[in-house]
Amino acid sequence: MLILKTLTRAPLHGYGIALSIKRLSDDVLTVEEGSLYPALQRLLLQGWVKAEWKMTETNRRARFYTLTAAGRRQLGVELSQFEQMIAAIGRVLQDAQEA
Amino acid sequence: MNSIRRFVKKLMLLLQRRRFHSDLNEEMAFHREQAQREFIEGGMTPESARYAAMRQFGNPTRVKERSHEVVEFKLETVVQDLRFALRQLRKNPGFAATAVVILALGIGASVAIFAFVDAALIKPLPYSDPTRLVAVNESSAGFARNNLSYADYLDWKRMNTVFRSLEVFNRTGYTLSTPTGTESVPGTRVSAGFFGTLGIHPMLGRDFRAGEDGAGASPVVLLSYGTWQRRYGGRPDVVGQVVNLSGIAHTIVGVLPQDFQFALRDDAEFWETLQPIRECEKRRSCHNLDGVGRLKDGVSVTSALAEMKSIAAQLEKQYPDSNRGNSASVILLSEAIVGEIRPIFLILLGGAGLLLLIACVNVSSLLLVRAESRRREIAVRGALGASRRRLSGQFVTEGLTLVVAGAAVGLGLAYGGMKVLSGLISKEMMMGMPFLRGLTLNAHVLEFAAALAVVAGTLFSITPILHFRFSNMRDGLTEGGRGSAGMLWRRMGANLVVIELATAVVLLTGAGLLGKSLYKLLHVDAGFPTEHLATIDVGLPDIAFSKDEQVVGFARDVVRKVESLPGVESAAITSVLPLSCNCNTDWIRVVGKPYDGNHNDVNERDVSAGFFSTLHARLLKGRYFSDAEDGSKPLVIIINETFAKKYFPGEDPIGKKIGDIKLSPKSIREIVGVVADFKDAGLEQEQWPAEYFHFNQSTDTHFSMLIRTRQDEQAVFPELAAAIHQVSVEAAVEEGSTMTSQINDSQTAYIHRSAAYLVGGFAVIALVLGVVGLYGVIAYSVSQRTREIGVRMALGAQRSSVYQLILKEAGRLIGIGIVVGLAASVGAAMLMGKLLFGVQAWDAGTLVGVAVVLGASAMMASYIPARRAASVNPTDALRAE
């Protein structure tokens, strides 16, 4: 979900995705490279992202991942599921505090 | 939809596997460079930044592998594992060959035996809806299943409400004139609805019609397929032709299908309708038929039996003379056909199963030894990042590879074994078991083999996996590490060996008991010397020999003629040969003694004057018959010892008179002699009272000749048939036999022999496997303890105490194995009780013998590694590691 989210703004390469998640979460979340690349392969396989080789600003070849329409849909689904979950957890916690 | 797309993408990636890898490599390199640059910007030296980036990134190979796992097919791993497994097995051909051979033996034996069991016990009879078919008979005190009398059959058929149809059949024989001379051919008489009841339709012509089995209907006959082919060249115009059977013209109305079989009467060439024209069928007290019924829907065998019993009870009240003590028997037709041979098949299957068990245990322990020696390899692979699942997968693949190879070879063995075994079944035996013909590896058998393979495969995959689950992988890396895991293996391996030895004991005991039974059976005292006795069946056409004098004349002439042949000492005639059956019985009543109305069954035989002297029987009292006696003289009878003891206890039977249950005047005969008992029935059957009528006073157109020769009885056969035909060209002569072969080929002897030989074969294999298994365990244990032994010897232990150390360990295993095995054998032997003859399940001689044989060979097997242990050079042993 996080990977998909970072890709909504612009296509990024693997390193960019890791960096972006780290920054956006103020260093709280770091994506292990060990899980990042397998995860990306899985997303590719599902057809939620596509990859193409492009030049970076530093003029180096890198593989950029772009969100596909299916990926955007999937993100929507996952976000709403996540929000429901958070809301549910919130309610439980609140209840626990009141009690 | 989604999964299809994913599959296509995976497929594309598979085709571009190299591209996938280079993309991934480049991408990861890029990632590291970026990270490195950032570290440098953060103030690190390029060198340390590079290391930091690499550290952060982690194990690139692992990342690659995991990415690979996402896109790969499961199959790819399997193929890889398989390749590796095959390479492993090739590198270790001794292990692979041993395992495959052992497995093949186990699977082959089980599958071959199962094929027989399947054909005989599992596959239903080849009739429509065979589970609704029952064998219907009368029963009485002496017989669980007795023949039906025709009058009773008609009443049963009329009164019952449980059968959709109830039919009868009766064996018969015909004399048939052929271009090569008069032949005696077997036939069956059946009531008109017989084939309809079985659900069999003639392949040519028509079935019998209702009413064609009535007295006076014109005789019709159906041909068996074999007869149609052999005697009529398979010509389709045979229907409507007339065939002369025993001098009576029969019209052929059809031909039975090729695959038709009827185990209770399978050699019949002609099937005619059963018309109640024989003397026997006119009397209610004469029993000569067998019944076959088809149960109505929803009627069970038990309720059918209950109703038939109550009908029989009704008839008993109505006809007290003839039906006293007669009840009914209804059992499944399959039970009637295979009931006798079921125990042997089950025992053989059990034996084969035990053999398979030993084979599996043996291969398992081989796998354990191998797993143990691969401990280091596995640990290294694990440390290098192989996942547990992947390692387990490797074991599964190796196990399955072995099983597949073993099963393939085993199927080959099974096929060969089936051919050999069915070749061993004699023609007469086969006739009673037509369902065993054309035995082959059919779908059923293959399924069974597949099931065995799956079980064995599971076992062999799990064994090494369990082994490694229990042991800590890190131990494997340490030098010389064999602490607790080695112990664990030793305990598991030892348990397996105990199982093997115990199983071998069970099989050996079984084989020993069966062998002893066979010996006892074949050496039962028949009451007369069985060597140099030839036998031959003779049939005379009823029409040409309708008068007693004609038959008596022929009998006298034929005995004289045969006795004149070279090498013949004497010849005689009997209605039923000795060593056949407790059958052809008569109900007797002693004149002048109170009669309680019960049926006293005794064996009745019609014998010529020279019968007892030809047999070399022993006369106890009185005299034998003289040839001059015939129907015109007073009726005489000779009884056996059992008869005398039972009906004349403490009296002299000579001169006493006996007759039928009504003491009708023409049945009263005077006892003139008592002979010592000899076996009328099979060797394993009990001795019944017997009465012997004078053949001249109780003639029959079908009888057997008994010929005592001076030398080899086979030598008489070439001239025998010709000699008989010289007396009368109309006499039909069957193939001759000998008393010795009658004993050796009897069904009981056959069953005992095949059981003893097969179980014996299994037992030998089991013994070898068990002992080899023990050797393996002890040898392994010695190799593991080499250092310990070296230390002991360095500290002054004598070679003898090293021997003792090893042999004690082996002795303990052997001891436990034998004790457990003996206990199990007694249990197993109780189960085969029925097959044992003259031997108890706890026969001490056999049990001790087995213990000694197994103990001795097992100790011998453990002596070899013990010797190796004792000859260890302490310095070598200590330096070795």
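None of the figures in this text is laboratory data; all of them are computed from the coordinates on show. All values reported here derive from a predicted model rather than from experimental measurement. With ideal geometry, Cβ positions are generated from the backbone for all residues, glycine too; neighbour counts draw on all protein chains shown.
Taking every residue in B:27-40 and counting other chain Cβ atoms within 10 Å of its Cβ, the average works out to 4. Dipole magnitude for the stretch B:241-280: about 140 debye, using +1 per Lys or Arg Cβ and -1 per Asp or Glu Cβ, origin at the Cα centre.
Explain nothing, just the number: relative contact order of chain B, from Cα pairs under 8 Å at least 6 residues apart, as a whole percent. Relative contact order for chain B comes out at 15 percent. Database note for the protein assembly as shown: Cys without another Cys beta carbon under 4.7 angstrom, B:Cys360. Once the Cα atoms are used to define both axes, helix B:799-831 deviates from the longest principal axis of chain B by about 40 degrees. Listed by chain and number, the aspartates and glutamates placed with their C-alpha closer than 20 angstrom to that of B:Lys645 are B:Asp525, B:Asp586, B:Asp596, B:Asp601, B:Glu604, B:Asp660, B:Glu670, B:Asp677, B:Asp680, B:Glu686, B:Glu691; residues fewer than eight positions away on the same chain are left out. For the peptide A:36-47, the mean number of other protein chain Cβ atoms found within 10 angstrom of a residue's Cβ is 6. Fewest-first ordering of A:Glu83, B:Glu167 by other beta carbons within 10 Å of each residue's beta carbon gives A:Glu83, B:Glu167.
Net charge of the neighbourhood of B:Tyr153, taken over other residues with C-beta under 14 Å away and scored Lys/Arg +1, Asp/Glu -1, is 0. Mind putting a number on the dipole of the stretch B:541-730 about its Cα centre? Charges go on the C-beta only, +1 for Lys and Arg and -1 for Asp and Glu, and I need it in Debye to the nearest 20. Dipole of the stretch B:541-730, to the nearest 20 debye: 600 debye. Counted by Cβ distance under 12 Å from B:Leu663, the other residues give a net charge of +4, where Lys and Arg count +1 and Asp and Glu count -1.
Loop-located trypsin sites (Lys or Arg not before Pro) across the stretch A:30-61 with a Cβ neighbour count of 13 or fewer within 10 Å are A:Arg60, with loop assigned by DSSP.
Taking a straight line from the alpha carbon of B:Lys547, these lysines sit under 24 Å away, with near neighbours fewer than eight places off in the same chain left out: B:Lys282, B:Lys561, B:Lys633, B:Lys666. Between the listed residues A:Val31, A:Gln94, A:Thr66, the Cα displaced farthest toward the positive end of the dipole of the stretch A:2-98, a dipole computed from Cβ unit charges relative to the Cα centre, is found at A:Thr66. For the stretch B:636-689, GluC sites (Glu not before Pro) meeting the loop criterion (DSSP other than H, G, I, E, B) and having at most 11 other Cβ atoms within 10 Å: B:Glu651, B:Glu686.
Fewest neighbouring Cβ atoms within 10 Å first, the residues B:His702, B:His523 line up as B:His523, B:His702. Since only B:Phe693, B:Cys280, B:Leu125 are under comparison, the one whose Cα sits farthest along the positive direction of the charge dipole of chain B, derived from C-beta charges on Lys, Arg, Asp and Glu, is B:Leu125. What separates the Cα centres of the stretch A:22-99 and the stretch B:191-230 is a distance of 84 Å. Annotation: Cα Rg of the stretch B:497-564 relative to the compact-globule expectation 2.2 N^0.38 Å equals 2.30.
Taken one residue at a time, the phi angles of the stretch B:312-324 give Karplus couplings (6.51, -1.76, 1.60, θ = phi - 60°) of 4, 5, 4, 5, 4, 5, 6, 10, x, 5, 7, 9, 4 Hz. Gly and Pro are set to x. Summary value for the stretch B:147-325: 33 percent relative contact order, contacts being C-alpha pairs under 8 angstrom separated by 6+ residues.
Between the residues B:Pro594, B:Ile573, B:Leu635, the greatest Cα displacement towards the positive end of the dipole of the stretch B:541-730, with unit charges on the Cβ of Lys, Arg, Asp and Glu, is found for B:Pro594. Of all lysines in the structure, the ones whose alpha carbon falls short of 17 Å from that of B:Lys516, not counting any fewer than 8 places away in one chain, are B:Lys834. Among B:Phe169, B:Phe643, B:Phe703, the order by Cβ neighbours within 10 angstrom, fewest to most, reads B:Phe169, B:Phe703, B:Phe643. Pairs B:Lys520/B:Lys621; B:Lys427/B:Lys679; B:Lys317/B:Lys593; B:Lys621/B:Lys679; B:Lys309/B:Lys679; B:Lys593/B:Lys657: which exceed 22 Å Cα-Cα? Pairs exceeding 22 Å: B:Lys520/B:Lys621; B:Lys427/B:Lys679; B:Lys317/B:Lys593; B:Lys309/B:Lys679.
Dipole size of the stretch B:147-325 about its Cα centre, with +1 on Lys/Arg Cβ and -1 on Asp/Glu Cβ: approximately 260 debye, rounded to the nearest 20.
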